[in-house]
Amino acid sequence: MASGLFEQVDNEPVEQDKKKERRVKLFSYDSVAAQMLEPYGENGLDSLTLQQVWAGTSKGNKSCVYHSHLAADQSSDAWHVGAGISMTAAALLAAIANFKSPNMKNLIVPTLYDKVLLEVTTLEPILLALNFGKGSASATDTGSFRAAKKAKLTTSADVSATGSTVDPADAAVKFRNWLLQEKSAFRGFLFVLSGKNSYYSGQVAELVARSAVTCKPMSEQDFVNAVKARMQKPEEGLGSKVAGSTPSGLFDA
């Protein structure tokens, strides 16, 4: 008999009507920088207006409420808004540190380098006063990218600004005014060097390919065979579009 095959089951699971609650805790992959990253080409960030950038940032996705703590509610969650300001300062400070490297000084035309340097010299102590640091998940890296992907962007612990004599409240006013400037040499510098993220994605792609050749390893013939295989259609068994589950065997003679 086929008893149990077509009968109604009384203890069927009840459908969950409630949607999964979106989190306000952000991880590195939730950030706008990660969301807009195009790993094999150029991203479209430069073509967006400020209104479009903010719309995408504040909308979030199915997992997180927003993509930056700057989008947190100002009246009920000012702490997270402050965390967003702090992380913005940290990102800009990292860019300033790399700008001051000898390689960059050799790369940029002296007049333009001095123009940017003049601006960041004034901006840096302001950012230092706002950079309260960020927390990180206590995960051991086992040779994968797990630790980097799971790193938390904020911590609930009390923190204090270091490395600057500027009062944080005064720094907040000055930083906001800097953001409202119509023109900025440093901002223009970041725009040009971002290259729509193509420089970073290009560097990573080259690094991974070089590691494959060296560590996999891949011989010259392996490379040639892979390129030739790419020029042909995959075999039917590979990547087949046939459904993995069918009633085959139930009604067959």
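For region 115-124: of the residues being surrounded by 15 or more Cβ atoms within 10 Å (Cβ to Cβ) and in contact (Cβ under 8 Å) with a residue 24 or more places away in the chain, which is farthest from Trp79 (Cα to Cα)? Residue satisfying both the conditions and the ranking: Lys115. The set of residues in region 70-110 that are free of Cβ contacts under 8 Å to residues at least 24 places away in the same chain and of a type in the set (Asp, Glu) contains only Asp73.
In region 169-184, which residue that is surrounded by 15 or more Cβ atoms within 10 Å (Cβ to Cβ) and of a type in the set (A, V, I, L, M, F, W, C) is farthest from Asn131 (Cα to Cα)? Filtering first and then ranking leaves Trp178. Has region 31-40 got any residue that is closer than 24 Å to Trp79 by Cα, at pLDDT below 95, in contact with a helix residue (DSSP H, G or I) (Cβ under 9 Å, 6 or more places away or on another chain) and loosely packed, with under 14 Cβ neighbours inside 10 Å? There is at least one residue in region 31-40 that is closer than 24 Å to Trp79 by Cα, at pLDDT below 95, in contact with a helix residue (DSSP H, G or I) (Cβ under 9 Å, 6 or more places away or on another chain) and loosely packed, with under 14 Cβ neighbours inside 10 Å.
Kindly indicate which of Lys100, Lys150 is of a type in the set (D, E, K, R), at pLDDT below 95, out of contact with any Lys or Arg (no Cβ under 6 Å at 6 or more places or on another chain) and surrounded by fewer than 19 Cβ atoms within 10 Å (Cβ to Cβ). It would help to see each step written out before you state the result.
Working: Lys100 fails: at pLDDT below 95.
One residue alone meets the criteria, Lys150.
The values are calculated or read from the model by the stated rules, or taken from the named source; none is laboratory data. Here the structure is a predicted model, which is why all the values come from computation and not from measurement. Note that we place each Cβ from the backbone using ideal geometry, even for glycine, and neighbour counts take in every protein chain shown.
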